[in-house]
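J.: To start, I am sharing the structure in question, which I have written as structure tokens.
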Amino acid sequence: MGRRWRPHGGAVVVAVLGVAWLATAAAADRGLSLAAAAAPEGMGVVRNSTGRSGDGSSYHHVWPKMELGWRIVLGSLIGFFGAAFGSVGGVGGGGIFVPMLALIIGFDPKSSTAMSKCMIMGASVSTVYYNLKLRHPTLDMPLIDYDLALLMQPMLMLGVSIGVIFNVIFPDWLVTALLIILFLVTSTKAFLKGVETWKKETITHREAAKRQDQICQDPEHATTIQAEGAAAADTKAPSDVATSFLKNVYWKEFGLLAFVWVAFLALQIAKNYTASCSILYWVLNSLQIPVSAGVTMYEAHGLMTGKRVISSKGSQQTTLKLRQLFVYSLFGIIAGLVGGLLGLGGGFIMGPLFLELGIHPQVSSATATFAMMFSSSMSVVEYYLLHRFPVPYAAYFVAVAFIAAIVGQHCVKKLIDWLGRASLIIFILASMIFLSAICLGGVGISNIIHKMERHQYMGFEDLCKYGA
């Protein structure tokens, strides 16, 4: 993949991962209001007044008391399995976390969104650390495609900022409808892609079985074929051979992504201390464009000139044309826009998108999770500064998601190595997206019915008058 700048020390990666682990908030002012369920009756809660709504009334964040009971046990089990399968599929699991935190644990909608981001961050950090030790299943490169991440991630974060604005403006019924339609379409496409990959794997297994039958029927050529197979096995670097994660880090690309992370975080924090729709507010918003576009154009120029390649495409890799790079960047913005609009991680869009681009399922999941680590940790830091969640509760669920992601990655990887079918990742991805559509869609529809019964306003919001 061209020349790489590789320092000898690992302090940079350890420091960034440490910040992502210790930080505890979000680019979304409203978050995902679909989970607007009240705290269950009879449950002790702590109400934390942190802002004012549009009509001037104080908004109260509902934070349940942290005590052992059936709610936290059931929530922990759902969170564990959501993080385990979400990390494998590369989607994070936000579509499972938000309803669980609101309906079972009893958090208010805004706090549920913030807590969900904490869990996504915990799962993504542990997954990235796990994947940093692995190599590509068939190619001599890391499991994470840094060039693909560098091309998509800046545009993804720009799209998230745009989507957050739409999230504030759009009514809940429209957000719910878009969520259900989008998730059903993407889950269907992912499932069909999984079926296609499964069929290809079946053909490959049959061909391998035929070769084995030939060896048994023609013993004269057995020694030659076995020798060729051994030589081929020696030349490949299978993903189950773990190496030092420092050797799998492309430091230059990692540093550029960290720069985008820091720049966006600084702009988001500064924007929180300015009046909505003021000149400074729009100036800070506009500054995100040169940051994201500059890094993406740098990567795009290398891909156009042939100095860099998306190596995970293997034999399909070619010098990309301007039109292709424009489409890829546009998809990155759309993925972020949808993620910001719906209050979810971009993995729900990036995962299926990478698969459509012909990326190996394991690489697709690892790269999508790598990108989510930056966006989710930035959100968590901002939510922490805005005091949007209780730190003890967040620390507990981050630990649950962190452990669950490692367990999920390890178990599914062993299963893939045993069955020889990476298509399992695609089926898990499709299942998580579909389940998220059911959970979030059901909660959203319930919320809409509740508002209709109370004759509440269900139109578009005014961004300049919207309160925290």
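The values are calculated or read from the model by the stated rules, or taken from the named source; none is laboratory data. No experiment lies behind these values; they were computed from the predicted model shown. All Cβ positions, even for glycine, are placed from backbone atoms using ideal geometry, and neighbour counts span all protein chains on display. These accessible areas exclude ligands, DNA and RNA; they are computed on the full protein's heavy atoms, side chains included. Shrake-Rupley method; radii C 1.70, N 1.55, O 1.52, S 1.80 Å.
Every residue, every condition in (1) in contact with a helix residue (DSSP H, G or I) (Cβ under 6 Å, 6 or more places away or on another chain); (2) aliphatic (A, V, I, L, M); (3) not in a helix (DSSP H, G or I), yes or no:
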site: F259; (1), (2), (3): no, no, no
site: L265; (1), (2), (3): yes, yes, no
site: A275; (1), (2), (3): no, yes, yes
site: L280; (1), (2), (3): no, yes, no
site: I289; (1), (2), (3): no, yes, no
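Okay, residues lined up against (1) over 23 Å from A430 (Cβ atoms); (2) buried (at least 24 other Cβ atoms within 10 Å of the Cβ); (3) out of contact with any Leu (no Cβ under 8 Å at 6 or more places or on another chain):
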site: A114; (1), (2), (3): yes, yes, yes
site: K117; (1), (2), (3): yes, yes, yes
site: V125; (1), (2), (3): yes, yes, no
site: K133; (1), (2), (3): yes, no, yes
site: L139; (1), (2), (3): yes, no, yes
site: A149; (1), (2), (3): no, yes, no
site: Q153; (1), (2), (3): yes, yes, no
site: P171; (1), (2), (3): yes, no, yes
site: L174; (1), (2), (3): yes, no, yes
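J.: Here's a follow-up. Any idea which of (1) open to solvent by less than 10 Å² (accessible area, probe 1.4 Å); (2) in a helix (DSSP H, G or I); (3) farther than 20 Å from S436 by Cβ is the one I144 doesn't satisfy?
T.: (2)
J.: Please go through the range 243-270 and pick out each residue that is of a type in the set (D, E, K, R) and open to solvent by less than 20 Å² (accessible area, probe 1.4 Å).
T.: Across the range 243-270, the qualifying residue is only E253.
J.: Is it the case, given these coordinates, that V391 is under 30 Å from H205 (Cα atoms) and open to solvent by 30 Å² or more (accessible area, probe 1.4 Å)?
T.: Answer is no for this residue.
J.: I would also like to ask the following. In this structure, does K110 turn out to be in a helix (DSSP H, G or I), more than 19 Å from the chain's Cα centre (by Cα), surrounded by 24 or more Cβ atoms within 10 Å (Cβ to Cβ) and of a type outside the set (S, T, Y)?
T.: yes
J.: When the range 302-336 is examined, which residues are found to be modelled with pLDDT under 70, in a helix (DSSP H, G or I) and either closer than 20 Å to F191 by Cα or open to solvent by 50 Å² or more (accessible area, probe 1.4 Å) (or both)?
T.: S315, Q316
For every residue, the table says whether it meets (1) open to solvent by 10 Å² or more (accessible area, probe 1.4 Å); (2) under 13 Å from G86 (Cβ atoms).
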position	(1), (2)
V338	yes, no
L342	no, no
P352	yes, no
T369	no, yes
H387	yes, no
A401	no, yes
A405	no, yes
G420	yes, no
